[in-house]
1. Residues Arg131, Arg148, Arg135: which one is touching a residue at least 60 places away in the same chain (Cβ under 8 Å), among the charged types (D, E, K, R) and closer than 30 Å to Lys294 by Cβ?
2. Just name the residue that is farthest from Met320 (Cα to Cα) out of those in the range 160-180 that are open to solvent by less than 30 Å² (accessible area, probe 1.4 Å) and among the hydrophobic types (A, V, I, L, M, F, W, C).
3. Which residue, of Leu202, Leu139, is in contact with a His (Cβ under 7 Å, 6 or more places away or on another chain) and not β-branched (Val, Ile, Thr)?
4. Restricting attention to the range 166-203, report how many residues are closer than 14 Å to Lys219 by Cα and without any contact (Cβ under 8 Å) to a residue 60 or more places away in the chain.
5. Considering only residues that are part of a loop (DSSP other than H, G, I, E, B) and of a type in the set (Gly, Ala, Ser), which ones fall in the range 243-264?
6. Could you list all residues from the range 125-139 that are out of contact with any Gly (no Cβ under 8 Å at 6 or more places or on another chain), crowded, with 16+ Cβ neighbours inside 10 Å and closer than 25 Å to Tyr307 by Cα?
Amino acid sequence: MSGGFRIDPEALGKAAEQAHAHADRVEQHGRNLDARTRGKLLGKGRLGQIVQRAVRPVLDSMIKDMSKAMAGGHRSIGHGLQSTRKNLDAAEESIRTSFRHRAKDRDGLEINRGDSVLGGEKGLRDQYRRRVATRIDGLRNQGHGPQRHLDPTDDMLKARLGTPTPPHMANGQPAYHRMPGGYIQTQNKIDPAHGPNPQERLQGDALYRDAEKPDRRHKCDSFSTAFKEGEDESFMYADLHARSRLDPDDPGPQKIVFSPEDAWGPGNGHHRRFRGFYVDPANPVDQHGNVNYKPVDFRDAKIEAYYERDGKGGHRLVTMFPQPQRVRNR
């Protein structure tokens, strides 16, 4: 870019978040004003009734329509800034890819790791990765999405499933306890949010407690799933898409379910961005006593995101994870 004009994509991202938050605040103010004035008379007697009939519709329209329009404007600005940032990211990668291809030509430019593509700027890829890392760190502070569904290793995902509940004997064979759908009931589940190597830091029953709510044991469904290691960018854009579908008029928690294509665009390989395990229903434990953890088939999977109000006019991501189709995992 020229020396007289610079675009900071990270600043664009922060501005987009601020625009969305401001839209939420405007809508909340409109709802509060409407609640405080609706049903109240503007005057008494005959004159008051005349004023009421003339002014009340105007006031109601101002409260509802103007606040909605203002919020919509801020939200449109936020979406525009997000789109601009995403387009800039794509342009940066296109430039770098083009340079890599040209490097094979006789007169091509050789681009090494850490080199600047645009004069005077830091490496575009490193700069982009820092922006993604900053956003993911922010999501870690909001809830447990990355801690349970991005950061864990495969072994941590298996440990979250726990081990099969001891079976009872039926006709001389072990009969395992099962959950709805025929999946194996498990126990002693270790919350990935405890971080790496919790066995070295936690003793006894504390190992199986929830990291956020230590007064209860950790729970996990039939599947322990996550985005693949290194898919921070995919996680970030999935969150941005889910936020675009939040209902600003809903004051309670919201669940957003969507397909990977909704967040990342058309493609038939998005399921490869996920990983996960479940206990083999047909053969839970092998002859040596080892648990048989099967890899999850994520074809046709959905993504589920859960949000709550953050008390500042916006929403915080409580958690987000890939949810596989059970029919593909028997």
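The values are calculated or read from the model by the stated rules, or taken from the named source; none is laboratory data. Because the structure is a prediction, the values reported are computed rather than measured. Cβ sites come from the backbone with ideal geometry, for glycine too, and all protein chains shown count toward neighbours. Only protein heavy atoms, including side chains, enter the accessible area calculation; ligands, DNA and RNA are left aside. Shrake-Rupley method; radii C 1.70, N 1.55, O 1.52, S 1.80 Å.
1. Arg148
2. Here the residue is Ala175.
3. Exactly one of Leu202, Leu139 is in contact with a His (Cβ under 7 Å, 6 or more places away or on another chain) and not β-branched (Val, Ile, Thr), namely Leu202.
4. 10
5. Those that are part of a loop (DSSP other than H, G, I, E, B) and of a type in the set (Gly, Ala, Ser): Gly252, Ser259.
6. Hits for the range 125-139 are Val132, Ile136, Gly138.
Listed here are the residues, each with its yes/no results for (1) within 27 Å of Ala133 (Cβ to Cβ); (2) open to solvent by 70 Å² or more (accessible area, probe 1.4 Å).
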| position | (1), (2) |
| --- | --- |
| Asp221 | no, yes |
| Ala242 | yes, no |
| His270 | yes, no |
| Asp280 | no, no |
| Val291 | no, no |
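Residue by residue, here is whether (1) farther than 15 Å from Asn329 by Cβ; (2) outside any loop (DSSP other than H, G, I, E, B); (3) in contact with a Gly (Cβ under 9 Å, 6 or more places away or on another chain); (4) in contact (Cβ under 8 Å) with a residue 24 or more places away in the chain holds:
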| residue | (1), (2), (3), (4) |
| --- | --- |
| Asp205 | yes, yes, no, no |
| Pro214 | yes, no, no, no |
| Phe235 | yes, yes, yes, yes |
| His241 | yes, yes, no, no |
| Pro266 | yes, no, no, no |
| Arg275 | no, yes, no, yes |
| Arg299 | no, no, no, yes |
| Glu304 | yes, yes, no, yes |
